[in-house]
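Before any comments, here is the structure.
Read-outs throughout are calculated quantities, based only on the coordinates presented, and are distinct from any laboratory measurement. Values in this document were obtained by computation on a predicted structure and should not be read as measured data. Here Cβ is always computed from backbone atoms with ideal geometry, including for glycine, and neighbour counts include all displayed protein chains.
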Amino acid sequence: MKYTAKLVLFPVLILAYYGSSVEQNNPRPEIGKKAPDFTLQDASGNTHTLSDYEDTFVVLEWLNHDCPFVAKHYNSGNMQMLQEQYADKGVVWFSIISSAPGKQGYLKPENARKITREKRAKPHAVLLDPGGEVGQAYRARVTPHMYVINPEGMISYMGAIDDKPTANTDDIEGARNFVSEALDNLLDGRGVEVTTYQPYGCTVKY
């Protein structure tokens, strides 16, 4: 019942962010439209610009390790498995932390590196967005909030990782994983059947 209550409140919580100046000055991300370009540093101090990764598939995963919905996918090894599986197929996977300093999920670079090692996570990089500009440009509302971008830089999927909006690891088995489904279809030259799905999780702590 605890998590059900959070999900019921979720639509109200996300509405609080729609008035930000960042969102007002940026077009809303849309399927089939160009993904908002950005430049962020990763936890090791390297700089990454999204447009530099055109000609490949890119996954964006909004991350907060203190969120039980994120823990569901990391404690089970599900997220790490997906990261490694698609890295082997040439997909670039970015985990993005948009929590503000002092808020839940915020990590300094050294702490982000430490927890990535501890979780044995396999993203291409963990990107730090403490000002929240990139998160708000993408209208990232929750962790995990997922995006799949095709080699032309267009958004092919955005929303929940799967169709089981719980924090229960037992629900991973049998769930319809929209991210892996989208990537598999795109890598095989097919269209994406489900392009958007209501995201679930903890609100991003801007």
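Taking R0 as 35 Å, what's the FRET efficiency between residue 34 and residue 111 from their Cβ-Cβ distance, rounded to 0.05?
Step by step, r from the Cβ atoms, then E = 0.60.
Expected output is a single nm value to one decimal: the length gained when fully extending between residue 196 and residue 163, i.e. 0.36 nm times separation in residues minus the C-alpha distance. What is it?
Working it through step by step, the gained length comes to 10.8 nm.
Enumerate the amide H contacts of residue 93 below 5 Å, restricted to partners 5 or more residues apart or on another chain; note that Pro and chain-start residues carry no placed amide H.
59, 124, 125
What does DSSP give for the chain in terms of the percent of beta bridges that are antiparallel, rounded to the nearest 5?
60
What number of lysine-lysine pairs in the chain show an alpha-carbon separation below 19 angstrom, given a sequence spacing of 8 or more or placement on distinct chains?
17
By count of other Cβ within 10 Å, fewest leading, how are 49, 166 ordered?
49, 166
If you wrap a convex hull around the C-alpha atoms of the chain and split its volume per residue, what is the figure in Å³?
Numbers: hull volume 23.4 nm³, N = 206.
So the per-residue Cα hull volume is 114 Å³.
For residue 171 and residue 47, FRET efficiency with R0 = 41 Å and r from the beta-carbon atoms, rounded to 0.05?
0.65
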